[in-house]
Amino acid sequence: MKTRDDIPTVTLVGAGPGDPELLTIKAVKALRRASLALVDDLVHPDVLRHLRRGARVVHVGKRGGCPSTPQAFIHRLMVAEAQRGERVVRIKGGDPFVFGRGGEECEALRAAGIAVEVISGLTAGIAAPAAIGIPVTDRRWTRGVALVTGHAGTEEGEPDWAALARSGLTLVIYMGVARLPAITAALRAAGLAGDKPAAVVCHAHTPAQRQAVCTLDSLVETVAREGLASPAIVVIGDVVQAAPAWGGVAVAALDSVRAAPAHYGTTPGRSSAWASTS
C-alpha cells in the first residue's frame, strides 16, 4: 500500500510580495522538506535560506521584456523531477493562483499523475497598497475590488477597461506600468473621472520600495517623473484617499508607510516620492 510519501508530489508555494518575513509558517515547513526548489524571478533571496542543506535550486523566472523560461519547460521539469522522487517545491512570488500560472501548472502536474499541494501567499495586489496605507476595500468608497493584469498578450486578451471604469470597484493592476498611457486613455474614454485618486507602488515590502499618490490624469506623468518601474502595482479608486499621503502636498520625501494593526508607522531608511493632486 502506498503511503503519502510514496506518491510523487509537487508543492506550489506562494512567497508573498517581497519581504521574506511575510512568508507563511506552512510555506517555511514546505521549504524545509524540499530537495529541489524551482524559483521564480521575484522571490526574495532570503526565502531560500529556509531550504535544507543540500537542496538544489533552479531559477525559472519570468520578467516582462526579458528572456524567460518557457512555461512548457517548467511543466516538464516539475513532472520529471517529481517522478524521480524529488520533493519539489515551486516557489512563486505573491500567490500561486493570482497571475502566477499556478492553475496551469496544477493542471499539467495532475495530467501526469503528480499530486499537487498549494500553499497560498500574500498577493502583491493586496499587500502593496497596504504598505502605503491603502485598503483595497472600504465601505466609505467601495465594496469590491478587481484584480486585473495590464499586460496585453494574445493568451490573456485585453481587460474590458470600459466595464471596469463603470464598475465602481477599486482597480488593482498588475504588470501595467509599461502600458499606463493606453490603460489610462481607455479608462478616461469610458468615462472614469480624471481626478480619480490613483497610486503606484513598486518593489513593495523591500528596501527598494518607492511609491507615488496622484490622480488618474497625472498618473502617466507622475510615474515617468519619479522613475517608477516594474515590478509595480497600480491602484485606481477612491480608496487611495485613505493613504496618509493623500492631501495637498506637492512632491515631498517621506518614509515608506507600513500597515500595522492599530496605526501606520514609518520604516527608517526607505525613500519614497509622493505626488499631489494639485
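The values are calculated or read from the model by the stated rules, or taken from the named source; none is laboratory data. Nothing here was measured: the structure is a model prediction, and the numbers come from that model. All Cβ positions, glycine included, derive from the backbone under ideal geometry; neighbour counts span all protein chains shown.
Points worth noting:
- Residues (farther than 15 Å from residue 74 by Cβ and outside any helix (DSSP H, G or I)) located in the stretch 26-41: 34, 35
Here is a yes/no grid of residues against (1) without any contact (Cβ under 8 Å) to a residue 24 or more places away in the chain; (2) in the same structural domain as residue 210 (by TED's automatic domain parsing); (3) over 22 Å from residue 209 (Cα atoms):
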site	(1), (2), (3)
33	no, no, yes
57	yes, no, yes
61	yes, no, no
74	no, no, yes
84	yes, no, yes
90	no, no, yes
93	no, no, no
107	yes, no, yes
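- Selection within the stretch 164-201 - out of contact with any Gly (no Cβ under 7 Å at 6 or more places or on another chain), within 16 Å of residue 144 (Cβ to Cβ) and hydroxyl-bearing (Ser, Thr, Tyr): 167
- Selection count, the stretch 199-228, where residues are touching a helix residue (DSSP H, G or I) at 6+ places or on another chain (Cβ under 6 Å) and surrounded by fewer than 19 Cβ atoms within 10 Å (Cβ to Cβ): 1
- Total residues in the stretch 226-242 satisfying the condition of being at pLDDT 95 or above, outside any loop (DSSP other than H, G, I, E, B) and either of a type in the set (Gly, Ala, Ser) or under 16 Å from residue 183 (Cα atoms) (or both): the figure is 5.
- Some residue of the stretch 19-26 being touching a residue at least 60 places away in the same chain (Cβ under 8 Å), among the basic types (Lys, Arg) and in contact with a helix residue (DSSP H, G or I) (Cβ under 6 Å, 6 or more places away or on another chain): no
- Check on residue 60, over 17 Å from residue 17 (Cβ atoms) and not basic (Lys, Arg): yes
- Elements of type strands (runs of 3 or more DSSP E) in the stretch 98-197, at least 2 residues being over 15 Å from residue 234 (Cα atoms) and in contact with a strand residue (DSSP E or B) (Cβ under 8 Å, 6 or more places away or on another chain): 115-119
- Here 53, 76 are screened, and the one residue that is surrounded by fewer than 16 Cβ atoms within 10 Å (Cβ to Cβ) and part of a helix (DSSP H, G or I) is 76.
- Residue 42 being modelled with pLDDT under 95 and buried (at least 18 other Cβ atoms within 10 Å of the Cβ): yes
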